[in-house]
């Protein structure tokens, strides 16, 4: 995992954690929960989105010299402050990975979002995003420690 890659078992655990985290976050924030169901019951494309988000986490973290390790690993988990120290690098990598996944799934840029036609206005470089959209990427990264913890892992500084 130091190299920023997951094995299949961990990918699946992390995908479930991603789904469960965002499902609970939506309920807590009072947002509509479109897929309020168990991960295994999700439609294939949504399950693939969760899996892509999960596998993106170690790759994004590696851009700042961070790794995902089992919770019982002797290394100390990073602090939220350490995450914030690298937030722009991490958010930019998160957005890039999200864009790559969307484009591989057939999505294209358009000024108005249209899920049926796979058009999304955020399919632009990070620096061109609105402040609100850049903050969404930062918040996605800020949620990594909780998501990783739900799967029985933690984030640490990479070892050489």
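What follows is calculated from the coordinates using simple rules that are stated; it is not laboratory data. All of these numbers come straight from a predicted model, not from anything done at the bench. In this analysis, Cβ positions are derived from the backbone assuming ideal geometry, glycine residues included, and neighbour counts consider all displayed protein chains.
Quick one: 14, 99, 37, fewest Cβ neighbours within 10 Å first, how do they rank?
So the ranking, lowest neighbour count to highest, is 37, 99, 14.
Expressed as a rounded percentage, what relative contact order does the chain have, with Cα pairs under 8 Å and six or more residues apart?
Worked out over the chain, it gives 32 percent.
Report the paramagnetic label zone for residue 85: residues of the range 133-160 whose backbone N is under 20 Å from a point 7 Å from Cα along the Cα-to-Cβ axis.
138-139, 141-146, 154-160
Taking a cut-off of 25 Å, what percent of all Cα-Cα pairs in the chain are separated by more than that?
Summing the P(r) tail past 25 Å for the chain gives 30 percent.
Can you give the log10 of the normalised intensity I(q)/I(0) at q = 0.32 Å⁻¹, computed with Debye over equal Cα scatterers of the range 120-160?
Results for the range 120-160 at q = 0.32 Å⁻¹ read -1.03.
Note the full-extension length gain between residue 119 and residue 40 as 0.36 nm times their separation in residues minus their Cα-Cα distance, in nm to one decimal.
Taking residue 119 through residue 40 to full extension adds about 25.8 nm, to one decimal.
Going 7 Å from the Cα of residue 29 along its beta-carbon direction, which residues of the range 137-160 have the amide nitrogen within less than 12 Å of the resulting point?
The answer is 137-143.
Run lengths n ≥ 4 of DSSP H only: what is the helix-derived mean residue ellipticity at 222 nm for the chain, with -39500 (n - 2.57) per run over all residues, to the nearest 500?
Calculated mean residue ellipticity at 222 nm is -17000 deg cm²/dmol.
Once each part is reduced to its C-alpha centroid, what is the distance from the range 12-64 to the range 96-111 in angstrom?
17 Å
Does the range 51-95 classify as rounded, prolate or oblate by the C-alpha gyration tensor (a ≥ b ≥ c root eigenvalues; a/c under 1.5 gives rounded; else a/b over b/c gives prolate, otherwise oblate)?
oblate
Note the full-extension length gain between residue 112 and residue 76 as 0.36 nm times their separation in residues minus their Cα-Cα distance, in nm to one decimal.
Length gained between residue 112 and residue 76: 8.6 nm.
Give me 49, 137, 72 ranked fewest to most by other Cβ atoms within 10 Å of their Cβ, as a rough exposure proxy.
72, 49, 137
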